[in-house]
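So the structure is just underneath, and the comments pick up after that.
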Amino acid sequence: ERKSIINWFYRESFDIKHVDIIAMRQPGTGEWFFRRPEFQGWVQKNSNSPILWGYGIPGAGKTFLCSVVIDHFQERKRTANYGLAYMYFDYREQEQQGPYQVLASLVKQLLFQLIPLPPPVDELYKRLEPHGKRPSLDELYSILKVSFTEFDQVFLIFDALDECDQKRQRKALLPLFHRLAQSGTHIFITSRQHPEDIRDSMSASASIELSPSIEDMRLFIEQRIEENVRARRIVKQGKCKDLIINELIQSAQGMFLLLHFHIELICEETNVRLMCRALQSLRDSSNEERPLNPTYDRAMTIIKNQGKGSTAIAMKILSWLVEARRTLSVDELREAIAVENNRYELDEYDWTDKATMLDVCAGLIMIDEKSNVIRFVHYTVQEYL
């Protein structure tokens with residue numbers, strides 16, 4: 001019955017995206033963050049605000065760092081009576097990011113950590129559920145406050161707040177976060193710096209600029225080269241490992257997303273000279289006003305220079321992802337791109353496999369393996385297209 005009560009508050013899973021991010025993250029990433037005085041002051045309540053706002057440019061790796069922070073407190077929970085709840089916001093999931101859904105998810109996560117459930121939880125369930133009713137927003141907030149009292153400290157973590165719609169979500173969420181902060185919780189929020197409403201709301205909060213450390217970027221590059229047999233052989237032959245690492249770090253301009261695309265580009269080359277030319281090309285494009293655009297331009301050139309069939313599939317995939325009003329599963333997109341004029345039946349022989357879908361799109365899309373959701377590798381791809 002305990003599980004039924006908890007799921008009554010919020011039926012959706014809350015950890016799928018976190019698990020997918022962990023699978024893509026290099027071990028040791030983000031350890032520098034815990035040494036920063038802003039983080040330590042926030043944890044120890046030495047700062048003037050219970051909210052720590054982490055801001056950074058698009059593609060800086062804020063989501064990966066957020067996952068590191070979540071794992072940090074997951075580990076601390078083993079030896080301390082900490083409550084932890086989190087939410088990854090996504091521009092494609094606006095309907096799941098209103099105040100009601102956020103509170104319901106937080107309630108579910110904290111209740112999972114409590115045995116037994118607090119009496120008010122059981123009382124609310126028995127009063128409403130038999131009549132097919134759901135808790136109101138105020139009732140959710142009351143249950144959340146009850147759950148706070150069961151822990152010595154509570155940490156709430158919200159990633160990519162800027163991906164919430166300003167009028168439909170952020171207008172209500174920002175006051176809600178400050179209200180939660182007044183209940184004795186620690187709140188960590190990440191976003192871009194420039195949405196004016198977020199910047200204004202966080203003006204009195206502790207803040208920290210988020211950008212990947214040199215160590216994180218070096219670790220990422222070394223791992224990618226090591227995983228690619230041909231690239232590993234060419235780099236060893238040319239004795240150019242340090243050159244590649246230094247050039248890639250410089251051309252990335254503090255963006256992990258750029259680093260991801262650039263290392264993939266380098267690893268595609270077939271000899272030392274071509275690798276060096278590719279590095280020069282990246283160096284020349286690093287002064288662009290929109291630094292991601294040349295990278296996306298190159299990806300689109302690769303897509304258009306494929307065989308006719310591969311290009312057609314890639315363009316269908318990109319078009320569907322641009323126009324979709326919600327996230328799409330791999331199976332949904334497979335079916336959509338398989339549709340042809342004057343055909344009224346489809347079967348598995350019409351479907352494009354995952355590997356091909358990823359390959360023809362030249363790194364612009366990704367698949368979350370646990371949720372089987374297919375999406376752009378970053379929201380800036382949508383803006384570019």
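The values are calculated or read from the model by the stated rules, or taken from the named source; none is laboratory data. The model shown is predicted, which means the values in this text are computed figures rather than measured ones. Note that each Cβ is placed from the backbone with ideal geometry, even for glycine, and that neighbours are counted across all protein chains shown.
Values for this structure:
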item	result
Failed condition for Gly363, given (1) at positive phi; (2) in a helix (DSSP H, G or I)	(2)
Tally of residues being touching a residue at least 40 places away in the same chain (Cβ under 8 Å) and not hydrophobic (A, V, I, L, M, F, W, C) across segment 230-275	5
Test set (1) surrounded by 14 or more Cβ atoms within 10 Å (Cβ to Cβ); (2) farther than 25 Å from Tyr100 by Cβ; (3) within 18 Å of the chain's Cα centre (by Cα); (4) not charged (D, E, K, R) - Ala23 fails condition number	(1)
Matching entry among Ile6, Ile16, Ile21 (being at pLDDT 90 or above, within 29 Å of Val373 (Cβ to Cβ) and either not basic (Lys, Arg) or not assigned by TED's automatic domain parsing to the domain that holds Tyr86 (or both))	Ile6
Qualifying residue in segment 238-249 (condition: of a type outside the set (A, V, I, L, M, F, W, C), surrounded by fewer than 21 Cβ atoms within 10 Å (Cβ to Cβ) and under 20 Å from Gly363 (Cα atoms))	no
Residues of segment 31-46 classified as buried (at least 19 other Cβ atoms within 10 Å of the Cβ) and either among the basic types (Lys, Arg) or at pLDDT below 90 (or both), total	0
Candidate set: segment 61-82, residues that are small (Gly, Ala, Ser) and surrounded by 23 or more Cβ atoms within 10 Å (Cβ to Cβ); chosen: the one nearest to Gln153 (Cα to Cα)	Ser67
Qualifying residue in segment 33-55 (condition: more than 24 Å from Leu180 (Cα to Cα), over 11 Å from the mean Cα position of the chain (by Cα) and among the β-branched types (Val, Ile, Thr))	no
Within segment 119-151, considering residues that are among the β-branched types (Val, Ile, Thr) and over 14 Å from Tyr10 (Cβ atoms), the one surrounded by the most Cβ atoms within 10 Å (Cβ to Cβ)	Val146
Yes/no for Leu257 being at pLDDT below 90, part of a helix (DSSP H, G or I) and within 27 Å of Phe155 (Cβ to Cβ)	yes
Every residue from segment 85-98 that is under 15 Å from Ile189 (Cβ atoms) and either out of contact with any strand residue (DSSP E or B) (no Cβ under 9 Å at 6 or more places or on another chain) or not in a loop (DSSP other than H, G, I, E, B) (or both)	Ala85, Tyr86, Met87, Tyr88
Top-ranked residue of segment 47-59 - restricted to ones that are in a loop (DSSP other than H, G, I, E, B) and in contact with a Leu (Cβ under 6 Å, 6 or more places away or on another chain), ranked as surrounded by the most Cβ atoms within 10 Å (Cβ to Cβ)	Gly59
